[in-house]
């Protein structure tokens, strides 16, 4: 937690860039977290106490300098305003969020290694992020890891968790992989699951299943 006597030296969000301006090197680094955000908008449509950031700088006071952010591919914070003071955030500044840290951070490993298993892991550990997910569907063999690795901060150390989808009681959601469609293209995605391991469907998937059920009953959904 930031000490109160240091707050006067911490810059406001209006003076901070929204990211590190480093472009992603593959579209999945944006697609995967945006799918998770899209789903949360339907799962938690009645809640206004969460925020999911995509490729957004997290400013904190535990690094080399408070003006140097860590920029995950995605992160989820709980107990914060859905929209900060009714407006969109440019960045996530911990000292302007009552020192509430992300409960979950996601890194999608790309063609160019980005220190997901080393430097970034240490930053998130020191920051105090509870869950750290490294998703590495294409380069896991190169990196000597598994495609899906979820770490939990226990006694100030990250411990690899087993099981998928993995249930996070502090978030009241599980996260895991599934085969889905985006823009008519089938590919592996990350999704949210309930406590029984049932995946939360997109509105399109729900409509498709309802239409299939109606056809089984002899009804034409296009005529309803």
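General observations
- Hits in segment 202-216 (condition: in a helix (DSSP H, G or I), in contact with a helix residue (DSSP H, G or I) (Cβ under 9 Å, 6 or more places away or on another chain) and surrounded by 14 or more Cβ atoms within 10 Å (Cβ to Cβ)): 211, 214
- Leading residue by the ranking (farthest from residue 42 (Cα to Cα)) among those in segment 157-179 that are in a strand (DSSP E or B) and in contact (Cβ under 8 Å) with a residue 24 or more places away in the chain: 157
- On the stretch given as segment 49-73, residues that are under 18 Å from residue 172 (Cα atoms) and either surrounded by 20 or more Cβ atoms within 10 Å (Cβ to Cβ) or modelled with pLDDT under 95 (or both) total 2.
- Among the conditions (1) part of a loop (DSSP other than H, G, I, E, B); (2) under 16 Å from the mean Cα position of the chain (by Cα); (3) at pLDDT below 95, residue 30 misses just one, which is (1).
The values are calculated or read from the model by the stated rules, or taken from the named source; none is laboratory data. Because the structure is a prediction, the values reported are computed rather than measured. Quick reminder, even Gly has a Cβ in these numbers, built from the backbone with ideal geometry, and neighbours come from all protein chains shown.
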